[in-house]
Amino acid sequence: SPSDEDEGGQQGALKRFSAMWSSFRRGKRDKAKDPEPTEPLDAAAPDDASRQHRYVSGQYFFEYLVVVSLKKVGSTYEPQISYQFPKRDGMARFQKEEEEKTLKAITLFCFPEGINWAPLTEYHSETFSFVLTEIDGSRRNGYCRRLLPGGKGARPPEAYCIISSLACFGLFSKIFDEVEKRRQISMAMIYPFMQKLREAPFPAPGNTVEIKSFIPESGTEIIRLTRPLDSWLEHVNFATLFGCLTDEEVLLVFASAVLERRIIFIADELGTLSQVIHAVTALLYPFTWQHTFISIVPEILIDVVMAPTPYLLGVQKHLLDLVTDQSDLLVVDLSESKEETFIVSIGDESSILPPKLQTEILEALKNRPKSPTVEELNRVVSEAFLHFFVRTVGHYASYVKHGRAGEQGVFEKRSFYKAIESKTTRHFVKKFIQTQMFDLFIQDVEQQHVWPAAR
C-alpha cells in the first residue's frame, strides 16, 4: 500500500489510482448479493472478541476433496479418483455429466505426465495449483499435493486435490500440511479434519478462523488459518518468479503479457510452473488476463500450444520439443539447468514498454529487502507495476463521460491517449487500449453510474 503521506507527484498519482480502483471494486461487490455469514458449528457460545475474530466473508473453504491414485492397468499406471469428499448425491443427469467431466479433468491435472509412471521408494511431496475454466468463463481453483503414501517397498505416489472457488494458495498449502500429517497416521484421520474445515466459513481478509482437530497421542489441536490483508495477492508469491528470472527478464515477460501475446513457461517442477504463471498474471493488476490460462498443461492436451489466440501456458520440460516449432510467441525456460532463458522470442520484447518507465520499474524493484518476507516482496513488486499503469493509463477516469444519472458512461478513447504528452508512452498506450483486458476494464467502468471523485 502507498504510504500515508501524500507527497504529490508520483506517490499522489499512485494513491489516487489505488483509491479509485478500490472504490470501483467495492462498488462491484456491493451490487453482488452477499450471502449471510455463518458461525463455525463448533463455536460454542463465543464471546464478542471471538465473534469479531471469526468475522467471515460468507464463503466456504472448498467444494470437495478428491484423492487421485495411480492404478495399474496392464503395464502402465492410470490416474483414477479413489475417494471423493463429500460425495455428491441426488444430482440431475446433466449435473452428473458435468461433474464427471470435472473429475476427469482433475485426474489429468494432478498427473499431467499421463501414464508414464513406475513405483517409487522416495518422492518429495510437491504442491501446485491449476485453474478449471467453466463454459460460462467462471474459474475454479484446484490445489494439489502429490506425496508418497505410507507403506513399504516401491509404490506410486498419490495426489490430494481440493477444488475451491477461492484463490488463496498459501492458505491451502497450510491445509495440505495438516492433510499430509494426518495421512502419515491413517487415511481415516483426514476426513474428520476436512469435515471441520468444510463447516468453517472462509475468513475475511486479515482475519483468522480456528479449526479444532483431534489427533491420537497428541490430543485436540487448534489449527489457525489466517487470511492475508491484501486479499488480491493471497494467491501469489513473487519469490519463485524472481528466483527463476532476473528483474530485466521479468520485465520482458510482463511486456509480452500486457500486449496479450502467447507465452509458454517451461520447468521441471509443477510448483514452479503454477507459482510463476500466477505471479505473471498478478503483475497485470488492476487488469485481468482474459484468455487461455493453463498453469500446467497435461501431456494429452499439449496440442493447445498450436492455438492462434493469446495464452499463458505452463509446460513440463520433457515436452519442450513439442512446443519449440512454434513462432510468434515467447518460450521462457524457468529451470535451473537452462542454457538460455528465452528459447523462442519475437525479438521486440525490450522495445514494447517506454524506456523511461522500464527504468522506473527496475529502480523500484531494487528497493526490496535482501531477504524479504512474502508480504514485503509482494508489496514492492505490486507497487512497481501498479505505478507503471498509473503513469500510462491512470488518467482514464477523466475520459469516461457520464450523461444523465443512471445512464452508462462513454469512454473517449481518442482524447484519452492524445492527452499523453510522451510520444513513447502514447505509442504504447495506443497498443494497450486495444487489448481485451483494457476493453473489459473500461466496460466495467462505463457501467458504473456514479463515479467516485479522485482524491
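The values are calculated or read from the model by the stated rules, or taken from the named source; none is laboratory data. These figures come from a predicted structure and were not determined experimentally. As a convention, Cβ positions derive from the backbone with ideal geometry for all residues, glycine included, and neighbour counts pool all protein chains shown. What goes into the accessible areas is simple: the full protein's heavy atoms, side chains included, and nothing from ligands, DNA or RNA. Shrake-Rupley method; radii C 1.70, N 1.55, O 1.52, S 1.80 Å.
Quick notes on this one:
- Charge tally around Val331: other residues with Cβ under 14 Å, Lys/Arg +1 each, Asp/Glu -1 each, net -4.
- For the listed peptides 374-385, 116-127, 176-187, a ranking on the average number of other beta carbons within 10 Å per residue, highest first, reads 374-385, 176-187, 116-127.
- Pairwise FRET efficiency - Ala419 versus Asn367, Cβ, R0 = 25 Å, nearest 0.05: 0.25
- Low-density loop cleavage sites - trypsin sites (Lys or Arg not before Pro) in region 396-433, where at most 14 other Cβ are within 10 Å (DSSP): Arg404
- Here region 263-340 exposes an accessible surface that is 48 percent carbon and sulfur, computed with a 1.4 Å probe and the other protein chains kept in place.
- Near the amide H of Glu221, within less than 5 Å, lie the amide hydrogens of Ser213, Phe214, Ile215, all on another chain or at least 5 residues away, with H placed in the peptide plane.
- Oblate is the label for region 297-409, because a/c, from the alpha-carbon gyration tensor with a ≥ b ≥ c as root eigenvalues, is 1.5 or above and a/b does not exceed b/c.
- Heavy-atom accessible area per residue - region 184-302, 1.4 Å, Å²: 35
- Residues listed by number, region 412-429, amide nitrogen under 13 Å from Lys401 label point at 7 Å toward C-beta: 412-416
- Protection proxy ranking of 106-113, 392-399, 356-363, by the mean of other Cβ atoms within 10 Å over each peptide's residues and highest first, is 106-113, 392-399, 356-363.
- Projected label points at His291 and Glu199, each 7 Å from Cα along the beta carbon direction, are separated by 4.7 nanometres.
- Taking every C-alpha pair closer than 8 Å and separated by at least 6 residues, the mean separation divided by the residue count of region 102-158 gives a relative contact order of 35 percent.
- Pairs from Lys317/Lys366; Lys370/Lys430; Lys96/Lys181; Lys317/Lys431; Lys101/Lys431; Lys366/Lys423 whose Cα-Cα separation, in the structure shown, is over 29 Å: Lys317/Lys366; Lys370/Lys430; Lys96/Lys181; Lys317/Lys431; Lys101/Lys431
- Computed with the Debye formula from one identical point scatterer per Cα of region 295-344, without solvent, the log10 of I(q)/I(0) at q = 0.19, 0.26, 0.29 Å⁻¹ comes to -0.61, -1.18, -1.44.
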